[in-house]
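Quick note: the coordinates plus some simple rules give every number you see, no bench work behind them. Remember, predicted model here, so these are calculated numbers, not experimental data. Here the Cβ positions follow ideal geometry from the backbone for every residue, glycine too, while neighbour counts run over all protein chains shown.
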Amino acid sequence: MLVAPLPSNESERLAALYAYQVLDTPPETAFDEIIELASYISKMPISHIGLIDKDRQWFKARKGLQDDEVPRQVTFCSYTINGSEPVIVKDASKDTRFADNPYVTAESGIRFYAGFPLVTEDGNSIGTLCVIDTVPNALDDQQLKALDILSKQVIKLLDERSRSLQLQELAELERRKSSRLEELISTQKRIMSILGHDTRGPLFYVNWMIKSMREHKVKESEMEGHFQMIGNQLDATLILIEELLDWSRVNVLNSSDDQLPFAVQETVEEIIEPLRVLADKKGIVIRNEVPEELVGLRYERIVRFIVRNLLVNAIKFTRQGSVEIKASKYKNNLLLEISDTGIGMTRDQVNNFFNGEIVSTKGTQDEEGSGLGLVLVNEFLQQINGSLDVSSMPGKGSVMLLKIPMK
């Protein structure tokens with residue numbers, strides 16, 4: 001069996017076909033009506049709109065055919081797409097190109113074939129409009145003209161379909177931009193609300209203390225206690241501001257942009273370093289036990305935010321002892337374990353850990369907090385389908401197991 005040569009512009013032709021995004025799409029009435037009309041005009045039982053892919057011919061619409069695609073090498077249409085004019089075969093059994101073709105030698109095989117190339121505006125023949133009969137046949141001039149017009153209508157339908165898809169994609173893009181803008185505005189409002197509410201109190205207290213000391217309204221014996229309180233208030237305010245900055249960075253950049261690999265041990269060390277001051281004040285040792293070779297595949301910013309919050313809480317609720325962080329990979333997840341020798345939590349406190357409410361609890365040295373961090377931790381975990389398991393007992397410390405999906 002002879003096989004048709006590839007068109008000289010095969011790569012451009014395939015690119016033009018793929019640009020229509022039509023292969024393997026469901027049937028559409030407009031194309032089905034074209035082939036019904038083609039069969040009516042030609043008075044032939046078989047018709048189709050066939051698109052020639054790299055190794056197959058796929059039928060966007062078909063009549064009198066069972067399969068929705070056939071191998072390219074056995075199709076008559078592989079010859080048709082080599083030119084811009086129709087290919088007419090009155091009796092395939094007598095044509096040397098097709099006489100031994102399996103679709104000709106089969107029972108009730110093809111005899112008559114008329115293929116009209118589907119030529120794009122750029123001159124690429126991406127497929128054919130065909131009419132077929134199982135007996136030798138012919139078409140008169142009027143039938144040929146009508147079928148040629150129909151083939152051009154197929155291209156117009158494909159062009160219109162392509163424009164419609166582009167408009168849908170643009171509309172979806174605009175919808176996403178609008179939704180993203182609303183998210184950013186909401187984030188901004190939330191940040192301003194939290195800053196206005198949660199930082200005003202501590203800063204007013206610090207300001208009052210400074211004025212009182214200037215005016216000698218505070219006794220010298222009370223100074224140390226007040227300085228300790230000022231330190232706690234400033235620490236809490238700085239932590240809150242850092243939490244808000246981290247949160248806004250992640251929200252503005254979006255988790256879909258947070259896709260670069262990162263060295264987990266190095267990232268954890270960068271998180272720990274500024275927290276050592278808080279830990280040293282309480283005689284707490286922070287240990288980074290993350291393997292040096294461990295690499296996270298994505299969500300570095302979210303990992304930074306969550307780990308930082310969990311470490312701050314571990315330090316806050318540990319009188320003395322240690323806070324340790326380990327990490328490993330399991331299946332397609334990055335696992336991070338943060339354990340402490342702190343005061344631990346009751347079952348009710350663990351349950352409240354995940355209820356989404358902003359609840360602030362003082363630490364072992366009356367450290368203040370906003371309660372915001374854990375709420376945002378839960379938000380981010382939901383956003384990326386991650387999880388956090390908490391194991392804790394009063395007086396025995398806590399273990400936080402964080403699971404971050406890497407795929």
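Scalar couplings 3J(HN,Hα) for the range 116-127, obtained by applying the Karplus form with A = 6.51, B = -1.76, C = 1.60 to θ = phi - 60°, are 10, x, 9, 9, 6, 4, 8, x, 9, 8, 9, x Hz; x denotes Gly and Pro. Among the GluC sites (Glu not before Pro) in the range 112-181, those located in a DSSP loop and surrounded by at most 11 other Cβ atoms within 10 Å of their own Cβ are GLU121. Extension gain, GLU182 to THR105: 0.36 nm times the residue separation minus the Cα-Cα distance gives 21.2 nm.
Compute the Rg to Rh ratio over the range 1-83 from the alpha carbon atoms, using the Kirkwood formula for Rh, and round to two decimal places. Using Cα coordinates only, the ratio equals 0.97. The three principal axes of the Cα atoms in the range 281-331 give end-to-end lengths of 35, 20, 17 Å, sorted in falling order. Electrostatic tally near ARG287: other residues with Cβ closer than 13 Å to its Cβ, Lys and Arg +1, Asp and Glu -1, net -3. For the range 10-169, taking the reciprocal of the average inverse distance between every pair of different Cα atoms yields a Kirkwood hydrodynamic radius of 15.7 Å. Rg and Dmax over the alpha-carbon atoms of the range 59-126 stand at 12.6, 40 Å.
Quick one: grab the alpha carbon gyration tensor of the range 130-169, order the square roots of its eigenvalues as a ≥ b ≥ c, and give me rounded if a/c is under 1.5, else prolate or oblate depending on whether a/b is larger than b/c.
Since a/c reaches 1.5 but b/c is at least a/b, the shape of the range 130-169 is classed as oblate.
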